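Structure, as structure tokens:
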């Protein structure tokens with residue numbers, strides 16, 4: 001690390017006593033670089049094994065890395081915490097302006113502990129930290145309004161992040177999200193509920209620092225090398241043009257798009273909700289994360305009239321991505337993009353994780369079909385595939401939490417299925433609802449061994465894809481081996497906080513060069529050793545908190561619905577999982 | 001270099017093309033050999049919520065610059081082609097110029113306690129992948 005780089009500063013905030021202090025942790029950032037490496041170590045220091053995920057001792061940790069603010073696409077913030085959804089390791093990443101704001105405010109990491117007695121929001125403007133009353137914001141029905149109020153109330157426009165929770169977080173729904181910059185999310189694993197448990201409504205962080213680099217000439221050269229490969233890359237161009245929903249048609253065509261709670265893997269209306277359809281009929285604006293020229297964030301313009309006055313219109317901008325299209329579209333059998341967007345908008349207003357919410361509602365629909373839950377449980381709702389209105393109603397009822405059924409639903413499908421049954425089709429892995437990839441065994445081994453969110457957890461999807469296109473089979477051990485080596489490298493990328501979309505650009509060679517400019521001398525092998533160590537720290541945390549690879553529940557549904565790699569067995573998956581952990585712990 | 005310093009002037013081609021990546025701001029700070037944002041003479045912020053797009057704040061290169069008129073130490077002089085040139089040695093850091101600019105296009109370098117003033121070099125346009133900015137030269141249509 002360069003002498004004087006503020007990266008080493010860890011801002012500690014205690015909400016119980018409304019105090020803050022800064023610790024200089026050269027050791028941490030020298031050893032673990034930043035991002036997930038530093039956050040994992042901080043989590044193991046700050047969060048004991050008996051910590052209640054919704055108690056004051058559970059830390060909220062944010063970390064960024066040395067390339068943040070110095071090189072493009074290193075703009076992710078890693079958050080770590082104990083997850084109220086799984087009761088275990090929580091890791092969620094988000095972009096927007098969060099990482100740049102934290103770095104430019106002069107910090108490498110932020111640790112928030114304690115519990116406020118009344119609703120608060122925190123404003124961090126460089127070295128000033130303010131605790132501000134949020135009683136008026138608490139309970140506000142629409143999370144968009146909270147964002148607007150904070151935008152007007154706080155300084156630092158263009159140089160700040162505004163992270164906030166909605167009603168779901170306040171009500172401690174286990175899969176409540178934290179929304180940043182209105183359109184990005186720390187979506188997965190319930191960070192929103194951890195905010196809610198601390199009575200923390202929002203955090204505003206702003207800063208306008210500059211950073212020193214080693215060798216200015218080389219810095220500009222390496223910067224240009226990365227920048228040019230990003231702006232000239234066809235893959236990046238696809239993220240810009242179609243965005244992540246480019247995958248809807250791709251996955252549907254190979255029959256890997258989970259549909260109606262994965263009773264099927266092909267959605268007959270996929271064309272309607274594809275990236276191409278949204279591009280043609282809905283795309284209203286593209287935006288970018290700070291310091292990323294790609295601009296993969298796609299906002300749909302939804303024009304709606306009011307039932308009471310058909311000539312009165314509103315136009316709403318809603319950010320859409322592949323995962324919410326899967327979880328709220330094909331998974332719930334919603335064929336109409338207008339209706340899908342309305343449901344997605346409600347999720348944003350209330351502050352749920354769109355992925356978990358969709359999978360939970362899909363389970364509820366199938367459970368009602370199977371007679372496991374009654375209309376008495378649902379307060380009269382008759383769930384029907386494609387009926388978005390009933391889904392919106394149900395989400396509002398989850399927030400109100402007025403009976404046992406909705407209380408259970410607010411804790412995810414893993415829990416709900418233990419109460420009502422239907423665990424064969426309760427599509428959670430390690431307690432976390434599945435992402436939209438039914439490609440084959442490798443993704444599922446990835447979900448079960450991983451800690452992070454979404455398919456980006458691991459290389460499972462691309463391994464399955466290779467098997468599909470080459471017809472070559474992998475043994476469980478080979479799959480585990482490949483997953484692990486990719487996962488080790490991804491620990492480094494997420495310690496640098498490089499967006500995984502840019503993993504083809506941040507090659508080991510480029511990473512070494514960029515790190516050298518920021519004062520790190522690490523060979524590729526050094527990086528791999530650090531990556532492995534980070535994984536081990538995370539794995540230890542998981543074990544201490546009750547994770548047992550032999551007790552993982554695997555819903556039978558994934559073996560029943562044919563995947564493009566062909567059908568696979570539970571035995572294959574279990575062998576892969578155990579091989580993975582054996583390899584990880586082997587040295 | 002001298003040629004466009006004399007002739008060139010930054011213009012915003014179409015603000016609606018801006019995606020808010022701020023690559024221009026980072027490029028401007030890199031002119032000084034720094035990473036980060038602290039020395040940028042251009043600013044991108046949302047136009048009241050990201051869904052409404054962005055505002056680009058950059059020196060318009062006034063032919064009769066108000067910032068220059070309020071400088072008590074004659075640190076700002078007229079630049080050929082519009083705008084001002086800062087003589088850092090004369091600047092006392094009073095921030096009069098910052099307050100005077102109607103569009104807020106003078107920024108502050110906290111580290112040096114001096115204004116950051118656009119020199120219309122065009123590096124921001126070079127790093128704008130969407131053609132929002134342009135260094136307009138004499139004879140351009």
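The values are calculated or read from the model by the stated rules, or taken from the named source; none is laboratory data. These numbers were taken from a predicted model, which means no experiment stands behind them. Cβ sites come from the backbone with ideal geometry, for glycine too, and all protein chains shown count toward neighbours.
Go through the residues of segment A:40-59 one by one and say whether even a single one is farther than 23 Å from residue A:517 by Cβ, within 14 Å of another protein chain (Cβ to nearest Cβ), in contact with a strand residue (DSSP E or B) (Cβ under 7 Å, 6 or more places away or on another chain) and in a loop (DSSP other than H, G, I, E, B). Among the residues of segment A:40-59, not one is farther than 23 Å from residue A:517 by Cβ, within 14 Å of another protein chain (Cβ to nearest Cβ), in contact with a strand residue (DSSP E or B) (Cβ under 7 Å, 6 or more places away or on another chain) and in a loop (DSSP other than H, G, I, E, B), which makes the answer no. Counting only residues that are buried (at least 24 other Cβ atoms within 10 Å of the Cβ), out of contact with any helix residue (DSSP H, G or I) (no Cβ under 7 Å at 6 or more places or on another chain) and under 17 Å from residue A:266 (Cβ atoms), segment A:305-341 holds 1 of them.
Looking at segment A:23-41, which of its residues are out of contact with any helix residue (DSSP H, G or I) (no Cβ under 7 Å at 6 or more places or on another chain) and in contact (Cβ under 8 Å) with a residue 24 or more places away in the chain?
Going through segment A:23-41, the residues out of contact with any helix residue (DSSP H, G or I) (no Cβ under 7 Å at 6 or more places or on another chain) turn out to be A:23, A:27, A:30-31, A:39.
Passing the criteria: A:30, A:31, A:39.
Checking the conditions here, which among A:223, A:227, A:239 is within 13 Å of another protein chain (Cβ to nearest Cβ) and either under 20 Å from the mean Cα position of the chain (by Cα) or not in a helix (DSSP H, G or I) (or both)? If you could, list the steps in order and put the result at the bottom.
Values: A:223 fails: either under 20 Å from the mean Cα position of the chain (by Cα) or not in a helix (DSSP H, G or I) (or both); A:227 fails: either under 20 Å from the mean Cα position of the chain (by Cα) or not in a helix (DSSP H, G or I) (or both).
Just one listed residue meets the conditions, A:239.
Only a single item in (1) farther than 18 Å from residue A:36 by Cα; (2) surrounded by fewer than 19 Cβ atoms within 10 Å (Cβ to Cβ) is not met by residue A:460, and it is number (2). Of the residues in segment A:202-211, none is more than 14 Å from chain B (Cβ to nearest Cβ) and not in a strand (DSSP E or B). So in segment B:25-41, with the set limited to residues that are surrounded by fewer than 24 Cβ atoms within 10 Å (Cβ to Cβ) and more than 8 Å from chain A (Cβ to nearest Cβ), which one is farthest from residue A:70 (Cα to Cα)? Step by step, filter segment B:25-41, then rank; the result is B:31. Taking the conditions exactly as written (assigned to a helix (DSSP H, G or I) and modelled with pLDDT of 95 or more), does residue A:10 satisfy them or not? So residue A:10 does not fit the description; no.
Residues in segment A:499-512 that are surrounded by 17 or more Cβ atoms within 10 Å (Cβ to Cβ) and over 25 Å from the mean Cα position of the chain (by Cα): A:510 alone. All conditions in (1) more than 14 Å from chain B (Cβ to nearest Cβ); (2) surrounded by fewer than 24 Cβ atoms within 10 Å (Cβ to Cβ); (3) touching a helix residue (DSSP H, G or I) at 6+ places or on another chain (Cβ under 7 Å) hold for residue A:165, with the sole exception of (2).
Where in segment A:117-177 are there strands (runs of 3 or more DSSP E), lying wholly inside it, with at least 3 residues that are within 25 Å of the chain's Cα centre (by Cα)?
Result: A:120-125, A:160-164.
When residues in segment B:84-127 are screened for being outside any loop (DSSP other than H, G, I, E, B), more than 15 Å from residue B:10 (Cα to Cα) and at pLDDT 95 or above, 14 of them pass.
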